[in-house]
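To start, the structure itself, in structure tokens.
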Amino acid sequence: MRVILADDSVLFREGLARVLGEAGIDVTHQAGDGPQLLALVREDPPDAVVVDIRMPPTHTDEGMLAALEIRAEYPDVGVLVLSQYVETHHAVKLVACGRKGTGYLLKDRVGDVRELTDAVKRVAAGGSVIDPLVVERLVGRRRARSPIDELTEREREVLGLMAEGRSNQAICDRLHVSAKTVEAHVRSIFMKLDLPCAADDHRRVLAVLTHLRS
């Protein structure tokens, strides 16, 4: 697997490159800002990029803008965005692009090598990852009446795990229930959120987007 890293901190980049390298992931290039990242991706598209949200010159959302541009130009390149803070609006923006292979992870997770490498591999393979703390913050927000209110407590729990990018089997393992039970919950979620008949992958994205916007 080939990955490009983007962060304005050389020390952080080097540490991250070492961690990924030890996990068998080839870090081909490193970038210190958004334009450099885009140039490297266009020159030699990797399997995935790992990019910090806040980079020069303003340290606001340059990394997110670069990530969204990569998503639009290279749909097969996975994008894992890292953030120092829980910024829910960025998580919603990333999911709202509607493409596979996207992830939003807090930098604190970098210390958990297994979780980090799993996230990189999942976005590279076309999956999605949203940090559990971000999901918790979104679920905990006070909101107006929405379709989410029609879900049972268990269905909200399943949807929350879907929002983290977990597959049906991973949800089974987390909740200690059968595959049929999870499938029934997912079907019920699709029905209650009034999602149109389409490929399940597409409906999962729509369900998560409804969850994040609610």
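Radius of gyration (Cα atoms) of region 18-60, expressed as a multiple of 2.2 N^0.38 Å: 1.26. Could you pull out which residues in region 162-183 have an amide N less than 18 Å from a spot 7 Å beyond the Cα of Glu153, following the Cα-Cβ vector? The answer is 175-177, whose backbone nitrogens lie closer than 18 Å to the label point.
Provide the FRET efficiency to the nearest 0.05 for the Ala170-Leu133 pair, computing r from the beta carbons and using R0 = 30 Å. Taking R0 as 30 Å, the efficiency between Ala170 and Leu133 is 0.95. Across every direction, the projection of the convex hull enclosing the Cα atoms of region 1-135 has a mean area of 6.7 nm². Packing order of peptides 108-115, 15-22, highest average first: 15-22, 108-115 (average count of other Cβ atoms within 10 Å over each peptide's residues).
Every read-out reported here was derived from the displayed coordinates using simple, explicitly stated rules and does not represent laboratory data. Just so it is clear, the structure is predicted and the values come from calculations on it, not from any experiment. In this analysis, Cβ positions are derived from the backbone assuming ideal geometry, glycine residues included, and neighbour counts consider all displayed protein chains.
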